[in-house]
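Read through the structure below, which is laid out as structure tokens, and then see the notes.
FYI, it's all coordinate maths here, none of it is from the lab. Model, not experiment: these values are computed from the prediction. So basically every Cβ, Gly included, is an ideal-geometry build from the backbone, and we count neighbours across all protein chains shown.
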Amino acid sequence: MRIAPDARLGAASAVFEMYARVRFHEVDPLGHVNNAAYLNYLEQAAIDHATTSGLDLARLQELGGVFVARRHEIDFLQPAVGGDLLRVVTWLGAPRGARIERRSRILREDGAPSPPTLFGGRLEPDPQSTTGSLIVQAVTTWVFVNERGLPSRIPAAVYAAFDLMLASSGNDRKE
């Protein structure tokens with residue numbers, strides 16, 4: 001499913017996607033996207049997803065904390081190269097106290113026309129569907145921490161912002 005940059009996106013969607021064009025400085029001497037660049041794509045998708053859901057940094061701080069990455073598990077399945085158009089698809093698992101898992105896939109949009117600008121949006125399709133070549137799959141464990149940096153139960157307002165996504169995201173789906 002493609003989203004127009006100006007599309008009005010519903011708040012009850014289960015999946016978030018964004019696009020990124022591989023830039024020259026993200027490529028290593030072998031001509032492949034540097035592994036660290038994939039972390040940037042994954043983090044940006046998480047930030048954009050939260051922001052689209054009304055949970056920008058200021059709002060999270062109002063709620064008493066922020067999310068920090070505790071663990072990344074990344075499977076690099078094939079390389080991307082400079083100029084590739086990548087689609088980052090992400091969805092949330094079930095929260096447990098202060099922790100929540102975010103699953104992500106990065107796909108190369110083979111032969112797809114470029115979107116006019118790089119953008120993201122909330123979607124309703126199955127995150128397991130692929131329209132491009134699967135490049136990366138990842139699971140990141142995020143922890144909600146208070147202003148002192150200590151783990152803290154995820155606030156109810158965060159649950160509310162992601163409510164339907166948590167109920168329909170396939171929490172126990174195996175990669």
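Summary of packing: across the peptides 78-86, 100-108, the per-residue average of other C-beta atoms within 10 Å ranks them, highest first, as 100-108, 78-86. Compared with the alpha-carbon gap, the fully stretched path from Asn40 to Ala94 is longer by 17.1 nm at 0.36 nm per residue. Computed from the Cβ-Cβ distance with R0 of 30 Å, the FRET efficiency linking Arg70 to Phe24 stands at 0.40. Of the peptides 41-47, 67-73, the order by per-residue mean of other Cβ atoms within 10 Å, starting with the highest, comes out as 41-47, 67-73.
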